[in-house]
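The values are calculated or read from the model by the stated rules, or taken from the named source; none is laboratory data. Predicted model, so just to flag it, every value in this text is computed and none were measured. Please note: Cβ atoms are built from the backbone with ideal geometry, for glycine as well, and neighbour counts cover all protein chains shown. Heavy atoms of the whole protein, side chains included, go into the accessibility calculation; ligands, DNA and RNA do not. Shrake-Rupley method; radii C 1.70, N 1.55, O 1.52, S 1.80 Å.
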Amino acid sequence: DMVFLERDDVTLYAVEKDKFVFVKTRPGVDLYSEEPYPFFPMNQVAAAREVLVASHEAVFQYLDSKPKRDGRNIALLYVLGRCGSTLTNQLVQCSGQALTICEPHSLNHVGRIINQRHEMESKDSSEDIRLLRACLLLLAKHPHQRYFIKVHPFGVQCFPHIAHLALPEVKEMFLHRALKPVATSFIKMGGPVFGRWICDHMISTMPLKYRRVWNKVKDSDQRKVTLFSMLVQMQNFFLEAAERKNLKSYSYESLMADKEGFCRSLLQHIGVGSEHVPSALTALNKDSQANFAPASSTVLKSRKVEIPDEVMEWARKVARDEFGVELDGPDCLCTNFPNHWNT
């Protein structure tokens, strides 16, 4: 009965507390391309023909009946947001050596289920690990195909400490950027109302330990709310990378300083040879957000947002005092990230 999961036109869309939700799409649609949208779930919706559901237990039994997989064909890119991550996703896509899945909703849903399940204890129960494992294997359904999954910024709060427990050979990395341009771009994209709603929502879904820090330092200024949510994303990976040397971090600034070197290192980390670097670099010839109007360069350039020095000083103090993260320069770039690639 679960054989429908093996169809190429059936893909995982959502995860609820008791079931997995799949969409069956029109024949001939390539969900892994950037057309018509750069984000995987938007392409799923655009091409959907039918919705299918299966219980957690039915899916777990199906996966357990298959040969054991360790995740070696899966790479996860955790991101700060507004940091060149869609461009990085397209670098891998243009190499032609991996199917790229950009911000699948299903991983966000798994993260929320895990956060809601645990308020006080650590989030690494066998139920959490089993659910995350199933989600990743359903997204990366073909064992001999390489997959590169760009995780929504929310996911970095939820998965770096358990992804390797779910799939021991999964490859993980984090992309960040100086906080001032990230926050500026985010506020431009969301606008004063929607942007504030997003940040408030992110804080409400954070693990309890981070909500407690926010209650200690909170401020009504939308710019500070935005900066705090990004510090949380950064710190969670920061702590895990300090313990595990196989977690790699990159910055947007290092990409801009040495595009070829950045691309070579990134591809090598996910198991792709340097001969594919020239193909990957063709992604730099276009606007990575051109098919997503709210974040296109044309739209963002037309909006003016200023973040004053005193707000950035607040972020620098919170980062240092609450999270142990050092932010350098007027734009607040993290300078002590573990396992960081530099030019």
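Before moving on, here are some points about what is shown:
- Flag: Pro27 does not match the condition of being assigned to a loop (DSSP other than H, G, I, E, B) and under 17 Å from the mean Cα position of the chain (by Cα).
- All positions within segment 1-29 that are open to solvent by less than 50 Å² (accessible area, probe 1.4 Å), of a type in the set (Val, Ile, Thr) and closer than 21 Å to Arg130 by Cα: Thr11, Val15, Val21
- Filtering segment 249-260 to residues that are open to solvent by 10 Å² or more (accessible area, probe 1.4 Å), over 15 Å from Arg82 (Cα atoms) and either in a strand (DSSP E or B) or of a type outside the set (A, V, I, L, M) (or both) leaves Asp258, Lys259, Glu260.
- Flag for Lys188 being exposed (fewer than 13 other Cβ atoms within 10 Å of the Cβ) and basic (Lys, Arg): no
- Screening His164 with (1) crowded, with 19+ Cβ neighbours inside 10 Å; (2) within 20 Å of Leu5 (Cα to Cα) gives one miss only, at (2).
- Subset of segment 111-126 (residues that are modelled with pLDDT of 70 or more, polar (S, T, N, Q) and assigned to a loop (DSSP other than H, G, I, E, B)): Ser125
- Single residue of Ile74, Ile101, Ile129, Ile113 found to be free of Cβ contacts under 8 Å to residues at least 60 places away in the same chain and open to solvent by less than 40 Å² (accessible area, probe 1.4 Å): Ile129
- Looking only at segment 30-49, and only at residues there that are within 21 Å of Gly84 (Cα to Cα) and of a type in the set (S, T, N, Q), the one that is surrounded by the fewest Cβ atoms within 10 Å (Cβ to Cβ): Ser33
- Segment 192-234, subset touching a Lys or Arg at 6+ places or on another chain (Cβ under 8 Å) and modelled with pLDDT under 80, residue most open to solvent (accessible area, probe 1.4 Å): Thr205
- Failed condition for Gly273, given (1) out of contact with any Pro (no Cβ under 7 Å at 6 or more places or on another chain); (2) farther than 26 Å from His161 by Cβ; (3) open to solvent by less than 50 Å² (accessible area, probe 1.4 Å); (4) modelled with pLDDT under 95: (4)
- Thr282, sole failed condition from (1) part of a helix (DSSP H, G or I); (2) without any contact (Cβ under 8 Å) to a residue 40 or more places away in the chain; (3) open to solvent by 30 Å² or more (accessible area, probe 1.4 Å): (2)
Yes/no per residue for (1) β-branched (Val, Ile, Thr); (2) free of Cβ contacts under 8 Å to residues at least 60 places away in the same chain; (3) at positive phi:
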| residue | (1), (2), (3) |
| --- | --- |
| Ile198 | yes, yes, no |
| His201 | no, yes, no |
| Met206 | no, no, no |
| Val217 | yes, no, no |
| Arg223 | no, no, no |
| Leu227 | no, no, no |
| Val232 | yes, no, no |
| Asn236 | no, no, no |
| Lys245 | no, no, no |
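- Yes/no for Leu80 being open to solvent by 10 Å² or more (accessible area, probe 1.4 Å) and touching a helix residue (DSSP H, G or I) at 6+ places or on another chain (Cβ under 8 Å): no
- Pairs where the first residue, in segment 77-90, is over 21 Å from Ile187 (Cα atoms) and the second is among the small types (Gly, Ala, Ser) and open to solvent by less than 10 Å² (accessible area, probe 1.4 Å), C-beta under 9 Å, 6+ apart: Leu77/Ser85; Thr88/Ala283; Asn89/Ala283; Gln90/Ala280; Gln90/Ala283
- Hits in segment 311-339 - residues which are among the small types (Gly, Ala, Ser) and closer than 22 Å to Lys245 by Cβ: Gly324
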